[in-house]
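Read-outs throughout are calculated quantities, based only on the coordinates presented, and are distinct from any laboratory measurement. Just so we're clear, the structure is a prediction, and the values are computed from it rather than from any experiment. Cβ: placed from backbone, ideal geometry, glycine included. Neighbour counts: every protein chain shown.
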Amino acid sequence: MANEQWQARVERAQQMAAARRGVDVEVMLPPRQPGAGAPATGGAAAHAAEAEPATTAAQPAQSTVVAEPTPVAAVESAPAPASSAAQRVAEAKARAASKGSSSNGGATAAAVAPTTVATPSAAPARSAATPAPATAERAEAQEVGQPGINRREFMTYAWGAALGLLTLEIGVASYAFMYPRFRAGEFGGAFPVPLGEIPPADAGPNGNTTGKFWLVDTAEGPKALYMVCTHLGCLYKWEPSNFRFECPCHGSMFNHDGHYILGPAPRSLDQFVIEVVQNGQVVSSTEDAGDRIVPPQVPGPDVELLIQTGRRIVGKSKDLSPARADA
Ligand code: FES
């Protein structure tokens, strides 16, 4: 009696599920097997038949259930509602089976197991009927990712290269425009000085206020001393009575050769580079030897001196001065 009630409940549940999705379902249950567990086994076979027809086809005893195509066709034609309806039918069967298990004992597990099989079978049916919309996008992305570059990447690289080249050209033009240029005879440029304008070593220096240098002759060679004091930048003066340079600001003193003698100045006087030009060629020039500044060599009277006021050599430390008086 309990089996007839279970069968009636299953049929009602399936008809209700089919009515919800508008599909006419003809329920065909397998012939009941005499003996214990018949309702549970039949229910499991019905579930398996709805879920996986191939599996049921491999079992001759359940071939009559495979011949029922309506539920499967409904699932394929209406993917979204069919999956939920199939789940509801499976849940109703499971509930009915659980109620019947009180009289059938161990058949409950066998009845519940097929309901879990029916759930995954709906997913492939949905994917086969309605392909995911992202598939085309993925295919396009894979096509874009082919070896080499596509048109968009090429345009991006071309724009980047053009922008970089334009930036480089602007930078070079700006540097060339702002780079200082000095003409001869103005401070920062070259001052041509005839050799005869350099005073003798025992005479006072010859000043050039435009070029801001003192021309002196020493035992080593001619020097062009920068007129600015190495302490805080005052313009020092030549004191003929003392035969030395003296700064009026803080009293620093330098000898005729520009070496530090006394005062707060930290170093000897700075010098401009003197180039000795002979027959259009620079044959000698002032050099920085590290611990001292070496004047150029004058090979003869047929030379010209170029005072390069744009090339200043910083004077050496007062500790290196041979004329230092406070040592
Ligand atoms: Fe010449 Fe100070 S600036 S001693």
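Peptide packing: for 208-219, 230-241, 271-282, the average count of neighbouring Cβ atoms within 10 Å per residue gives the ranking 208-219, 271-282, 230-241, highest mean first. Computed extension gain for ILE313 through THR156, at 0.36 nm per residue and net of the alpha carbon distance, reaches 51.5 nm. In order along region 243-259, phi translates into HN-Hα couplings of 6, 7, 8, 9, 9, x, 6, 9, x, 5, 10, 9, 7, 4, 8, x, 6 Hz, rounded to whole numbers, per the Karplus curve 6.51 cos²θ - 1.76 cosθ + 1.60 with θ = phi - 60° and x for Gly and Pro. Remark: region 162-174, residue by residue, has Karplus-estimated 3J(HN,Hα) of 5, 5, x, 5, 5, 4, 5, 5, 5, x, 5, 5, 5 Hz, where x stands for each Gly or Pro and the curve is 6.51 cos²θ - 1.76 cosθ + 1.60 at θ = phi - 60°.
Annotation: amide H of GLY207 within the under-5 Å range of LEU215, sequence separation 5 or more or interchain, hydrogens built in the peptide plane. Around the amide H of SER284, modelled in the peptide plane, lie the amide H atoms of VAL276, all under 5 Å away and 5 or more residues distant in sequence or on another chain. For VAL273, the amide hydrogen comes within under 5 Å of the amide hydrogens of GLN308, ARG311, ILE313, counting only partners 5 or more places away or on other chains and with H modelled in the peptide plane. Extension gain for the segment ASN206 to THR167, taken as residue separation times 0.36 nm less the Cα-Cα distance, is 9.1 nm to one decimal.
Ordered by the count of other Cβ atoms within 10 Å of each Cβ, fewest first, VAL89, VAL10 give VAL10, VAL89.
Listed from fewest to most Cβ neighbours within 10 Å, the set MET155, MET16 follows the order MET155, MET16.
When each of PHE177, PHE187 is scored by the number of other beta-carbon atoms lying within 10 Å, the sequence from fewest to most is PHE177, PHE187. Note on region 269-327: semi-axes of the ellipsoid equivalent to its C-alpha gyration tensor, largest first and rounded to whole Å, are 27, 12, 8. On a straight-distance basis, which lysines could pair with LYS223 in a cross-link, Cα separation under 27 angstrom, same-chain partners fewer than 8 positions away excluded? Result set, ordered by chain and number: LYS212, LYS237, LYS316, LYS318.
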